[in-house]
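Heads up, the thing below is written out as structure tokens.
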Amino acid sequence: MENLNLFIRSVFVDNMIFAYFLGMCSYLAVSKNVKTAFGLGIAVMFMLVITLPIDYALETYFLRPGALAWLNPEFADIDLSFLSLILFIAVIASATQLVEMAVEKFSPSLYASLGIFLPLIAVNCAILGCSLFMQQRDFGSAWTATVYGAGSGLGWLLAIVGIAAIRERLAYSNVPAPLKGIGITFIITGLMGIAFMSFLGIKI
Amino acid sequence: MALLNNKNKSVLFNPLSKNNPVIVQVLGICSALAVTAKLEPALVMGVSVTAVLAFANVIISLIRKTIPNSVRIIVQLVVVAALVIIVDQILKAYNYEVSKQLSVFIGLIITNCILMGRLEAFALGNKPWPSFLDGIGNGLGYTIILAIVATVREILGSGTLLGFKVIPQALYDAGYENNGLMILPPMALITVACIIWVHRSRNKDLQEKNN
């Protein structure tokens, strides 16, 4: 029940795009049509589900103050948390590389549709941001962390598919010349963000 | 070699307006928006990004001939991550309050697209000194946009600037109220859109053809 609550909150209330602006760069660059936007969204969600449990394990057994106590009680006062940034980004970068190779080998059709996005994901702030939020929030178990990752990924997917659908329609409208392209996309995202704020305070 | 010949000058000053990283190249939006509810964290963020960008540019440019092409992204990430950790620790030591407000966004400098973009596009093909200037220029361009957005949002949203009251009490007595909407995340996007609007109506060649 608690996990379901967390899932729904991370999709709608703590939406990665509208509440934290994470992953905006690829969100703005790859939202010209729904099909590619959907591909990128799926790839991001997939990577979040893979990297969050790994980062959770790293955090619990290695980085947290006193986390090394399971190796040897003498290590109990070692605090390695300053290493978390570099380790998290290493996990994300190597995971993207591995997933890219695996997808290329086992499912060429999926690779053809996702392939070009996978390298982009290593530098997508949504992935690293999600790991950092996970570290801040102190989740109880790896499962909770995975649920959080899946929820954030789905929220990101929703946002990018939504903006891509709007931008497809926008092709036929008459936008002031200086706002064309990136300007109007910013404004629409802002308005979508205001709409998403109506989910604030949801409790299940 | 003069330290600031014409080419280097354009490398340093172009990113301030004509080739601004945020509103023209559209890089590094994530952090640009999230930290701009108040001016102080926005300035700290701008300075941190400028420092990391300049030094990462220099380091990558120094080792650009020894990096194998296939692993260059990971090498860049590691260099940037190391620099960001240093900035993060310095902030925690000397300005804990702001460091707490910025929370994860200092860490997210690692995945700030400005860094990746400049390292790939400039530092990998240029000498250390121009790379350093390019880093400083792009960092300043980023800081300027952050400062404008944060100033607008702080004055309209909280009636303060850097924590000092700027809206006179008489206005409040006459019925003026702070616009709470400006504090909320979506208004950052709309503020940036307005900056883009003004900037592009003055620089017509930057306007895009399609929606």
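Pick from the range B:147-169 the residues that are assigned to a helix (DSSP H, G or I) and hydrophobic (A, V, I, L, M, F, W, C): which of them is surrounded by the fewest Cβ atoms within 10 Å (Cβ to Cβ)? It comes out as B:ALA147. Beta carbons closer than 8 Å, at least 6 apart along the sequence or on distinct chains, pair a first residue in the range B:106-122 that is at the interface with chain A (Cβ under 7 Å from one of its Cβ atoms) with a second that is of a type in the set (Asp, Glu) for B:GLY107/B:ASP88.
Only one of the listed residues (B:LEU115, B:LEU119, B:LEU83, B:LEU140) is under 19 Å from the mean Cα position of the chain (by Cα), farther than 22 Å from B:LEU16 by Cα and buried (at least 18 other Cβ atoms within 10 Å of the Cβ). That residue is B:LEU83.
For the range B:24-44, taking the residues that are within 27 Å of B:LEU206 (Cα to Cα) and in a loop (DSSP other than H, G, I, E, B), the one that is nearest to the chain's Cα centre (by Cα) is identified as B:GLY28. The one condition from (1) surrounded by fewer than 24 Cβ atoms within 10 Å (Cβ to Cβ); (2) facing another protein chain (nearest Cβ under 10 Å); (3) hydroxyl-bearing (Ser, Thr, Tyr) that A:SER198 does not meet is (2). If you go through the range B:71-115 and pick out every residue that is of a type in the set (Val, Ile, Thr), in contact with a Phe, Trp or Tyr (Cβ under 8 Å, 6 or more places away or on another chain) and under 18 Å from B:LEU43 (Cα atoms), you end up with 2. Checking B:TYR172, B:TYR176 one by one, the residue that is more than 14 Å from every other protein chain (Cβ to nearest Cβ), surrounded by fewer than 15 Cβ atoms within 10 Å (Cβ to Cβ) and assigned to a loop (DSSP other than H, G, I, E, B) is B:TYR176 and no other.
Within the set B:ILE109, B:ILE90, the sole residue that is surrounded by 24 or more Cβ atoms within 10 Å (Cβ to Cβ) and among the hydrophobic types (A, V, I, L, M, F, W, C) turns out to be B:ILE109. For B:VAL98, state whether it is more than 12 Å from chain A (Cβ to nearest Cβ), of a type in the set (Val, Ile, Thr) and closer than 19 Å to B:VAL35 by Cβ. For B:VAL98, the condition - more than 12 Å from chain A (Cβ to nearest Cβ), of a type in the set (Val, Ile, Thr) and closer than 19 Å to B:VAL35 by Cβ - is met.
Suppose we filter A:GLY129, A:GLY190 for residues that are on the phi < 0 side of the Ramachandran plot, modelled with pLDDT of 85 or more and either of a type in the set (S, T, N, Q) or out of contact with any Phe, Trp or Tyr (no Cβ under 7 Å at 6 or more places or on another chain) (or both); which single one remains?
Details: A:GLY129 fails: either of a type in the set (S, T, N, Q) or out of contact with any Phe, Trp or Tyr (no Cβ under 7 Å at 6 or more places or on another chain) (or both).
So the residue among A:GLY129, A:GLY190 that is on the phi < 0 side of the Ramachandran plot, modelled with pLDDT of 85 or more and either of a type in the set (S, T, N, Q) or out of contact with any Phe, Trp or Tyr (no Cβ under 7 Å at 6 or more places or on another chain) (or both) is A:GLY190.
If you filter the range A:2-39 down to residues that are touching a Gly at 6+ places or on another chain (Cβ under 6 Å) and not in a helix (DSSP H, G or I), you find that the one that is farthest from B:ILE23 (Cα to Cα) is A:ASN15. Scanning the range B:13-46 for residues that are aliphatic (A, V, I, L, M), out of contact with any Pro (no Cβ under 9 Å at 6 or more places or on another chain) and either more than 12 Å from chain A (Cβ to nearest Cβ) or surrounded by fewer than 24 Cβ atoms within 10 Å (Cβ to Cβ) (or both) gives B:LEU16, B:VAL26, B:LEU39, B:ALA42, B:LEU43, B:VAL44, B:MET45. For the range B:187-203, a residue qualifies if it is aliphatic (A, V, I, L, M) and either crowded, with 23+ Cβ neighbours inside 10 Å or facing chain A (nearest Cβ under 7 Å) (or both), and the qualifying residues are B:MET187, B:ALA188, B:LEU189, B:ILE190, B:VAL192, B:ALA193, B:ILE196.
Could you say whether any residue in the range B:196-211 is farther than 30 Å from A:ILE163 by Cα, touching a helix residue (DSSP H, G or I) at 6+ places or on another chain (Cβ under 8 Å) and not in a helix (DSSP H, G or I)? No, the range B:196-211 contains no residue that is farther than 30 Å from A:ILE163 by Cα, touching a helix residue (DSSP H, G or I) at 6+ places or on another chain (Cβ under 8 Å) and not in a helix (DSSP H, G or I). A single member of A:ALA165, A:ALA102, A:ALA112 is within 14 Å of another protein chain (Cβ to nearest Cβ) and either crowded, with 17+ Cβ neighbours inside 10 Å or in a helix (DSSP H, G or I) (or both), and it is A:ALA165.
Only a single criterion out of (1) in contact with a helix residue (DSSP H, G or I) (Cβ under 8 Å, 6 or more places away or on another chain); (2) within 30 Å of B:LEU124 (Cβ to Cβ); (3) modelled with pLDDT under 85 is not satisfied by B:ALA147, namely (3). For A:GLN136, the conditions (1) within 17 Å of the chain's Cα centre (by Cα); (2) within 14 Å of chain B (Cβ to nearest Cβ); (3) in contact (Cβ under 8 Å) with a residue 24 or more places away in the chain; (4) closer than 30 Å to A:GLU2 by Cα all hold with the exception of (3). Determine, yes or no, whether A:ALA69 is in a helix (DSSP H, G or I) and crowded, with 18+ Cβ neighbours inside 10 Å. No; evaluated as a whole, the condition is false for this residue.
Condition check ((1) among the polar types (S, T, N, Q); (2) over 19 Å from B:ILE196 (Cβ atoms); (3) in contact (Cβ under 8 Å) with a residue 60 or more places away in the chain) across all residues:
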position	(1), (2), (3)
A:ALA159	no, yes, yes
A:ILE163	no, no, yes
A:ILE166	no, no, no
A:TYR172	no, yes, no
A:ILE184	no, no, no
A:ILE188	no, no, no
A:LEU191	no, no, no
A:PHE199	no, yes, yes
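The values are calculated or read from the model by the stated rules, or taken from the named source; none is laboratory data. Given the structure is predicted, the values throughout are model-derived calculations rather than measurements. Heads up, the Cβs are rebuilt from the backbone with ideal geometry, glycines too, and the neighbour counts pull from every protein chain shown.
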